[in-house]
Amino acid sequence: MFKKILLATSGAPSTFGAARVAFDMAKRYGAEVVVLNVMGVPTKAFSHIVNDVRTGEEIEVDEEYRSWVEEELKTTFEKQIETVEYSKIVLTTGVPSREILRCAREEDADLIVMGASSGDSSVYRKGYPGSTLQKVAKAARCPVMTVHRETASYWGGFSNIVFATDFSKQAESAFRFALSSAREMGCDLTLLHALDISGKVLDQNEIEDQLIAARDRIRATYVPLMGDFKDFDIEVWEGVPYVEIVKMAREKSADLIVMAHHNHELDPEKARIGSTMEQVILRAGCPVVSVSKPDKV
Amino acid sequence: MPEGKFCNKTPITTDEQLKATLNDKGGKQYYEEMNHLEVDSEKLWGTIQKTMKSRLKTWLEICAHCGLCAEPCFLYQVNGRVPEQVPSYKIQATLGQIVKKKGKVDNAFMQMCMETAWSKCTCCNRCGHYCPHGIDMGVMFSYLRGLLYGQGFVPWELKIGAGMHRVYRAQMDVTTEDWVETCEWMAEENEDEWPGLEIPVDKVGADIMYTCNAREPKHYPEDLAEAAILFHVAGENWTVPSEGWEQTSLSMFAGDWECCKDNVANVYAAIERLKPKRATGTECGHAHRATVIEGPYWMGREDGQPPVPFLHYVEWLAEALREGKIKIDPSKRIKEPVTLQDSCNYVRNQGLKDVTREIISYLVEPGYFVEMAPCKEHNYCCGGGGGFNGIGKYREQRNMALRKKMDQILDTGCKLVIAPCHNCWDAIRDLEEEYEIGIRWTFLKPLVIKMMEVPEHLLPKDE
Ligand code: SF4
Ligand code: SF4
Ligand code: SF4
């Protein structure tokens, strides 16, 4: 299912959870791990002077600095690197979201794994407003997995995947990814629609009707695509979508949440505020995969 | 030591040299070597005799030392109005002396000249507007920079910058393959939201050919995507060349005349190859100056024009808005005080002041646009022009230079600055970083994309 996994990491502890998942998966699938580190955001001139992504300090990227960073990464992930057959370290400078996308394209990665907070240090945002994650999730051709908490980093014996749908076009791709993951790992799949009643005044009957309609819609849309796969339930809960998704994941002890990203907001600052996906990532106790394109699922 | 390993009279022409020079941290060895660099007085005087045109000679001679150029120079203003910052003094004490001494000057003198040429003048040409004799230090200093470059007395970053242009024909290591690949990438990345979006490479006979700044494919390819989206919405028949796409010229700021000519020749060759009806470039100001204003002269074109009409991006955009090819949704117009940074490079050098204000009239709700004082052709340099932004050695002086713009912006009371020129944009970003006055800044493209009405037939089908 995955031949190449791109792990985007600053090397900071906040990305260790992501690293663990990436390497665990690589081991499981015999995949290659490409460890990408964007050393800094160029300030001026020819990208050799950058703001270090961890310290925010201005540094000069030369051979010496490169090999230092490479050594650091090798030491940090030493044990994990040993567990997989293929891995390599890629170092670059630039705007992180761009470089992650560029690398994913160049390497033809099947999955991008990143820590949610790795891309949001003040340096990343200085002058280039917007969240790395939002930008990557929006434009990536392959699924993007975010591991926000260290505890969320267990990708091992799987029991349940929650697929949250809003019935968008992108959700179809997300569904395909969820289904093949569930098949591959032989676990249960929960198909969830969270009916958004936030800020609406609906009476109980109306809500009931909509819940029934959503349930039917899930059945009509996804069940025919499942073939002989039987380990699934359908759930429709009303509330604020991100809250319901996180609640469901907890109830099912899910190890993975899969959802679609299809925010069209150009201004990443605004996208952040309105994004269900981002809220889920921040609150969920397990990794979250966002899918926005049909290419790699 | 007559010539150093890094600091010498030879331009960088290979990738190895380039990398080696870059690896010299902060130019430490480079500047150390500069202390021992020998001045080739004979060559210096020879160059002057061959290249110093009568205009410059006359200027040096007729300067009345009246000092009227002092106050117009923003560097004079922000540096305590010391005599050393009076434009006429700056040029007389440097170029004037070299000429007077027929090139017989020493290393220390050349280093002083370097410091003056790159940290006391941004070639913004403002002083020239106020001199009763029309003497323009921007032009004089450009010339002096050329002389200094020829002798190896040039800031480390600009030596590298010119080297980049020589090796990659771009100010950054972006190869033809990288560039073409980036065009494909950006078209692909945006095709879902913009069905039919294309970035056509090497289309012959298009209505307009687009060139850009190498920083875009390198770090901000979304700028290219945004250009494509706007051309797409405007229904423009356009193309980008696979070679000759890089329009900037750090070599112009380095004083590498030979390389300047090569840059422009490259763009003009693309025009001749693809035969577009017109050309336009990105929002960058100095790129336009190099390709359109100075370029024709470097190329020895008698009409002083590029091979086809070459618009600055603000001209193309104003036209598209004027002709209704791009329509702004009135409800999305800017409704907060907003000001505009006039780029010296296309406002003072090419008079594009009205056209930028025409754009403002479409984008900003009446009553919200606040002019800087002074503005238009009288506007001050952002503080980082002429290569100043990129030179580490003179960072302190550059930060001081930003103060003029900071005061101008603060006086407008605006929190939002529209800065089409890339370099001005950088300077304003740095100014916020340095002084934290709480402002935001933007290019035109993302602004227009956010505000425009998208015709029904260009929207994605099923959403
Ligand atoms: S204003 Fe003109 S004439 Fe007067 S000092 Fe300046 S350069 Fe010389
Ligand atoms: S060109 Fe600009 S910076 Fe240079 S001396 Fe004249 S006013 Fe000052
Ligand atoms: S960067 Fe802009 S304001 Fe500054 S000198 Fe250049 S054009 Fe003028």
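The values are calculated or read from the model by the stated rules, or taken from the named source; none is laboratory data. Just so we're clear, the structure is a prediction, and the values are computed from it rather than from any experiment. Here Cβ is always computed from backbone atoms with ideal geometry, including for glycine, and neighbour counts include all displayed protein chains.
Checked against (1) more than 9 Å from ligand 3 (Cβ to nearest atom); (2) away from chain A (no Cβ under 13 Å); (3) within 24 Å of B:TYR220 (Cα to Cα), B:GLY386 meets all criteria but (1). Regarding segment B:35-47, can at least one residue be identified that is closer than 23 Å to B:ASN263 by Cβ and either within 27 Å of the chain's Cα centre (by Cα) or of a type in the set (A, V, I, L, M, F, W, C) (or both)? Yes, segment B:35-47 contains a residue that is closer than 23 Å to B:ASN263 by Cβ and either within 27 Å of the chain's Cα centre (by Cα) or of a type in the set (A, V, I, L, M, F, W, C) (or both). I'd like the full set of residues that are assigned to a helix (DSSP H, G or I) and charged (D, E, K, R), limited to segment B:82-101. Result: B:GLU84, B:LYS90, B:LYS100. A single entry from A:VAL50, A:VAL34 fulfils the requirement of being in a strand (DSSP E or B) and within 14 Å of chain B (Cβ to nearest Cβ): A:VAL50. Kindly indicate whether any position in segment B:267-288 is part of a helix (DSSP H, G or I), touching a Phe, Trp or Tyr at 6+ places or on another chain (Cβ under 9 Å), closer than 22 Å to B:VAL355 by Cα and away from ligand 2 (no atom under 16 Å from the Cβ). Yes; the residues of segment B:267-288 include at least one that is part of a helix (DSSP H, G or I), touching a Phe, Trp or Tyr at 6+ places or on another chain (Cβ under 9 Å), closer than 22 Å to B:VAL355 by Cα and away from ligand 2 (no atom under 16 Å from the Cβ).
Only one of the numbered conditions (1) modelled with pLDDT under 85; (2) within 14 Å of chain B (Cβ to nearest Cβ) is not met by A:TYR65, and that is (1). Do we find a residue being within 14 Å of chain A (Cβ to nearest Cβ) and within 13 Å of B:GLY152 (Cβ to Cβ) anywhere in segment B:20-29? Yes - at least one qualifying residue is present in segment B:20-29. If you go through segment B:438-458 and pick out every residue that is loosely packed, with under 12 Cβ neighbours inside 10 Å and touching a residue at least 60 places away in the same chain (Cβ under 8 Å), you end up with 1.
Yes or no: segment B:275-285 includes at least one residue that is out of contact with any Leu (no Cβ under 8 Å at 6 or more places or on another chain) and aliphatic (A, V, I, L, M). Scanning segment B:275-285 turns up no residue that is out of contact with any Leu (no Cβ under 8 Å at 6 or more places or on another chain) and aliphatic (A, V, I, L, M).
Here's the yes/no breakdown for (1) over 24 Å from B:TYR130 (Cβ atoms); (2) surrounded by 17 or more Cβ atoms within 10 Å (Cβ to Cβ):
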{"residue": "B:ARG333", "(1), (2)": "yes, no"}
{"residue": "B:GLN350", "(1), (2)": "no, yes"}
{"residue": "B:ARG357", "(1), (2)": "no, yes"}
{"residue": "B:GLY367", "(1), (2)": "yes, no"}
{"residue": "B:GLY387", "(1), (2)": "no, yes"}
{"residue": "B:GLY392", "(1), (2)": "yes, yes"}
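Summed over segment B:198-224, residues that are of a type in the set (S, T, N, Q) and within 14 Å of chain A (Cβ to nearest Cβ) total 1.
Only residues that are away from ligand 2 (no atom under 11 Å from the Cβ) and surrounded by fewer than 17 Cβ atoms within 10 Å (Cβ to Cβ) were counted across segment B:69-92, and they come to 5. Taken over segment B:174-197, residues that are more than 23 Å from B:GLY235 (Cβ to Cβ) and either more than 13 Å from every other protein chain (Cβ to nearest Cβ) or touching a residue at least 60 places away in the same chain (Cβ under 8 Å) (or both) amount to 5.
With respect to the conditions (1) crowded, with 24+ Cβ neighbours inside 10 Å; (2) in contact (Cβ under 8 Å) with a residue 40 or more places away in the chain; (3) over 30 Å from B:TYR143 (Cα atoms), B:ALA214 lacks only one, and its number is (3).
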